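S.K.: Mind looking over this structure? Questions follow.
The values are calculated or read from the model by the stated rules, or taken from the named source; none is laboratory data. All figures in this text were calculated on a predicted structure; none of them were measured in a lab. Don't worry about glycine lacking a Cβ; one is built from the backbone with ideal geometry, like all the others, and counts go over all protein chains shown. For accessibility, only protein heavy atoms count, side chains too; no ligands or nucleic acids. Shrake-Rupley method; radii C 1.70, N 1.55, O 1.52, S 1.80 Å.
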Amino acid sequence: MTQHSSAPATGTAPAVRTDASGAPAGWWRDAVIYQVYPRSFADGNGDGMGDLAGVRARLPYLADLGVDAVWLSPFYASPQADAGYDVADYRAIDPMFGDLHDADALIRDAHELGLRIIVDLVPNHSSDQHEWFQRALREGPGSPLRDRYHFRPGRGPKGEEPPNDWESIFGGPAWTRTENPDGTPGEWYLHLFAPEQPDFNWENEAVRDEFRSVLRFWLDMGVDGFRIDVAHGLVKAAGLPDMGRAGQLKLLGNQVLPFFDQDGVHEIYRSWRRILDEYPGERIGVAEAWTPSPERTALYLRADELHQAFNFHYLNTAWNAEALREVIDQSLDSMRPVGAPTTWVLSNHDVVRHRTRLGGGLARARAASLLMLALPGSAYVYQGEELGLPEVADLPDEVRQDPSFFKDNGQDGLRDGCRVPIPWTRAGSSHGFGSGGSWLPQPGQWAELSVEEQTGDPTSTLELYRSALAVRREHPALGAGESVQWLEDFPAGVLAFRRRAADGSGRDLICTANTTDRPVELSAAPGRALLASGEYEGGAIPADTTVWWEV
Ligand code: NOJ
């Protein structure tokens, strides 16, 4: 069989729980959330840069794909030192993306189509062009405005050494020295990321008040939730102690550090949860929290804190049956005590696309995706993975924009390669991305990977995602859940588990993922094949292939 799904057998429809406003309860427990990177999704005005009008025009594509919600990376007013993760005004849209009317129209249209909208909130740092930071610089040492960030005198006789040994995630010291209003060398300020991204001081009440107000601003605009950038970074260890170690910190890493995952962050999220809960329709908070373990991540998801967190432990796991089983178990086990859904993610705008990263080309990427979509909980899909896009590893240096690329000994600087604009059509200067080229060049072969080319082709990756999401939506054994039942009776290298139908219909589902690079014979088919990530005609399961079976 090809990847086509067979007609679903009819069963008892699951009872729909509703919240006080009549909306279905717990929509986020099994939601498939699609990440739009606004610069690179669709360009509505032909300037070569994606924008909100472009996203709005493509919403029917997302509804048709079958996702539940759309998370948009930042579109706020920003000098773009870190592609919008340096926000100068949290209540304004950057003109390159549109204006507040565009945002309003986008949110309304999405809701009409049954899609929820999640926006990115960046509370760990602002842009250095943010009015607060600019005023703090102008007013000089001693100004109370400086307390909203981390300004400190330097060490050494003339204050010429940074205040402590913290390193920026993008490379180099996490401190930059300022100049006093009279031109003399002044205090230093902390930036865990680029120098253009000064860290807020969350001990300062004005910072806390401001973000509660920003939350309300966007909730009043109608958004359904927030993805919280660097959620683990807001509170720093008292006294800003040295970290006492050298070596480049990793993006999405899991080290124990005095500026990450401090216990003080949790009271912030408790106060945010109270605000989210004031609004109807279950507005959610999703933590981007890099923590040392899934257990530490679970703390962000206690009943009175946030709803979900990205599972970077899963993203960082190699394509290996044993390692996958271990991380899946650990992820589910750690969420169970707090009652939060486990989430699954393979790609985003900060990592090498999983088609390339997992090292097995398109077949392995498709197998990994089908495995992910069978796991209990909520899943994240990064724009373009449904097309099977690979990482663009050979971008010329002159077009790169990732700040980490420009740092000696910084991150590998490869983040531009997963941010190349989406090919919508075979032809056109930017394959339908827009009428004015694209800010990062698309490889010529991307015509073959375009939405136009793949639509209607039952063997395409796009149709695999469409089928998988349709089955997932309808099937009583898929979506929300707290556990899987591992099946031991399969050859080495085949990850196999059963999921029980939640509606008592007995329509269980078995997922088998052959993670090896050779075909594997099963002693017997475990059920009726519903969907396969590769060519499966009965008999051996091909290398790097996942099959869903109805039992
Ligand atoms: C995580 C974001 O995903 C990344 O793109 C950004 O550079 C850092 N946070 C800093 O905001």
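S.K.: So, in the range 314-347, how many residues would count as being open to solvent by less than 40 Å² (accessible area, probe 1.4 Å) and away from the ligand (no atom under 16 Å from the Cβ)?
M.R.: Counting residues in the range 314-347 that are open to solvent by less than 40 Å² (accessible area, probe 1.4 Å) and away from the ligand (no atom under 16 Å from the Cβ) gives 18.
S.K.: Checking the structure you have, find out if any residue of the range 96-117 is modelled with pLDDT of 95 or more, out of contact with any helix residue (DSSP H, G or I) (no Cβ under 8 Å at 6 or more places or on another chain) and within 16 Å of the ligand (Cβ to nearest atom).
M.R.: no
S.K.: Considering only the range 517-551, state which residues are within 28 Å of the chain's Cα centre (by Cα) and either of a type in the set (S, T, N, Q) or assigned by TED's automatic domain parsing to the domain that holds ALA368 (or both).
M.R.: First, pick out the residues of the range 517-551 that are within 28 Å of the chain's Cα centre (by Cα): 531-534, 544-548.
If the condition is that a residue be within 28 Å of the chain's Cα centre (by Cα) and either of a type in the set (S, T, N, Q) or assigned by TED's automatic domain parsing to the domain that holds ALA368 (or both), then SER533, THR545, THR546 are the ones that fit.
S.K.: Name every residue in the range 348-365 that is of a type in the set (Lys, Arg) and open to solvent by less than 20 Å² (accessible area, probe 1.4 Å), in order of residue number. Let's see the steps before the verdict.
M.R.: From the range 348-365, those of a type in the set (Lys, Arg) are 353, 355, 357, 364; that's our starting set.
ARG353, the sole residue that qualifies.
S.K.: Is it true that GLU139 is outside the structural domain of TYR380 (by TED's automatic domain parsing) and among the acidic types (Asp, Glu)?
M.R.: Numbers: outside the structural domain of TYR380 (by TED's automatic domain parsing): yes; among the acidic types (Asp, Glu): yes.
Yes; evaluated as a whole, the condition is true for this residue.
S.K.: Does the range 45-61 hold any residues that are over 22 Å from ALA379 (Cα atoms), free of Cβ contacts under 8 Å to residues at least 60 places away in the same chain and outside any loop (DSSP other than H, G, I, E, B), and which are they? I'd like the intermediate steps shown before the answer.
M.R.: As a first pass, look at the range 45-61 and keep what is over 22 Å from ALA379 (Cα atoms): 45-54, 56-57.
Adding the requirement that they be free of Cβ contacts under 8 Å to residues at least 60 places away in the same chain leaves 51-53, 56-57.
Within the range 45-61, LEU52, ALA53, ARG56, ALA57 qualify.
S.K.: Could you give every pair whose Cβ atoms fall below 6 Å, whose first residue belongs to the range 107-122 and is in contact (Cβ under 8 Å) with a residue 60 or more places away in the chain and under 25 Å from GLU288 (Cα atoms), and whose second residue is within 16 Å of the ligand (Cβ to nearest atom) and of a type in the set (Ser, Thr, Tyr), counting only separations of at least 6 or pairs across chains?
M.R.: ASP120/SER73; VAL122/TYR85
S.K.: So which residues in the range 443-464 are closer than 29 Å to GLY84 by Cα and touching a residue at least 40 places away in the same chain (Cβ under 8 Å)?
M.R.: PRO443, TRP446, LEU449, SER450, VAL451, LEU462
S.K.: If I go through the range 527-543 residue by residue, how many of them are crowded, with 16+ Cβ neighbours inside 10 Å and in contact with a Ser or Thr (Cβ under 7 Å, 6 or more places away or on another chain)?
M.R.: Our first condition is that a residue be crowded, with 16+ Cβ neighbours inside 10 Å; within the range 527-543, this holds for 527, 529-534, 536, 541-543.
Checking the rest, the ones that are also in contact with a Ser or Thr (Cβ under 7 Å, 6 or more places away or on another chain) come to 530-534, 536, 541, 543.
Count: 8.
S.K.: Exactly one of (1) open to solvent by 10 Å² or more (accessible area, probe 1.4 Å); (2) more than 16 Å from the ligand (Cβ to nearest atom); (3) within 18 Å of the chain's Cα centre (by Cα); (4) under 18 Å from ASP99 (Cα atoms) is unmet by ASP30. Its number?
M.R.: All conditions pass for ASP30, except number (4).
S.K.: Could you count how many residues in the range 219-260 are buried (at least 20 other Cβ atoms within 10 Å of the Cβ) and over 20 Å from TRP202 (Cα atoms)?
M.R.: Looking only at that region, the number is 4.
S.K.: Does any residue in the range 497-517 that is without any contact (Cβ under 8 Å) to a residue 12 or more places away in the chain come within less than 6 Å, Cβ to Cβ, of a residue that is open to solvent by 20 Å² or more (accessible area, probe 1.4 Å) six or more places away or on a different chain, and which pairs are these?
M.R.: Listed pairs, sorted by first residue: none to list.
S.K.: Can you give me the number of residues within the range 136-158 that are over 18 Å from VAL235 (Cα atoms) and touching a strand residue (DSSP E or B) at 6+ places or on another chain (Cβ under 8 Å)?
M.R.: Qualifying residue count, the range 136-158: 8.
S.K.: Where in the range 223-342 are the helices (runs of 4 or more DSSP H), entirely inside, with at least 2 residues that are under 30 Å from GLN485 (Cα atoms)?
M.R.: By residue number, 294-298, 312-315, 321-335.
S.K.: Quick one: in the range 346-367, of everything that is of a type in the set (A, V, I, L, M) and touching a strand residue (DSSP E or B) at 6+ places or on another chain (Cβ under 8 Å), which residue is nearest to ALA31 (Cα to Cα)? Please lay out each step first, then the result.
M.R.: Pass one, the range 346-367, residues of a type in the set (A, V, I, L, M): 346, 351-352, 358, 362-363, 365, 367.
Filter again for touching a strand residue (DSSP E or B) at 6+ places or on another chain (Cβ under 8 Å), leaving 346, 363, 367.
Values: LEU346: 15, ALA363: 25, ALA367: 20 Å.
Within the range 346-367, the match that is nearest to ALA31 (Cα to Cα) is LEU346.
S.K.: Look at the range 128-171 and say how many of its residues are surrounded by fewer than 17 Cβ atoms within 10 Å (Cβ to Cβ) and within 16 Å of the ligand (Cβ to nearest atom).
M.R.: 1
S.K.: Of everything in the range 50-95, what is at positive phi, within 16 Å of the ligand (Cβ to nearest atom) and in contact with a helix residue (DSSP H, G or I) (Cβ under 8 Å, 6 or more places away or on another chain)? Give them in sequence order. Before you say what the answer is, go through the steps one by one.
M.R.: Just the residues of the range 50-95 that are at positive phi, to begin with: 66, 80, 83-84.
Among the residues that remain, those that are also within 16 Å of the ligand (Cβ to nearest atom) are: 80, 83-84.
Result: ALA83, GLY84.
S.K.: On the given criteria, is ARG419 within 16 Å of the ligand (Cβ to nearest atom) and of a type in the set (Lys, Arg)?
M.R.: Numbers: within 16 Å of the ligand (Cβ to nearest atom): yes; of a type in the set (Lys, Arg): yes.
For ARG419, the condition - within 16 Å of the ligand (Cβ to nearest atom) and of a type in the set (Lys, Arg) - is met.
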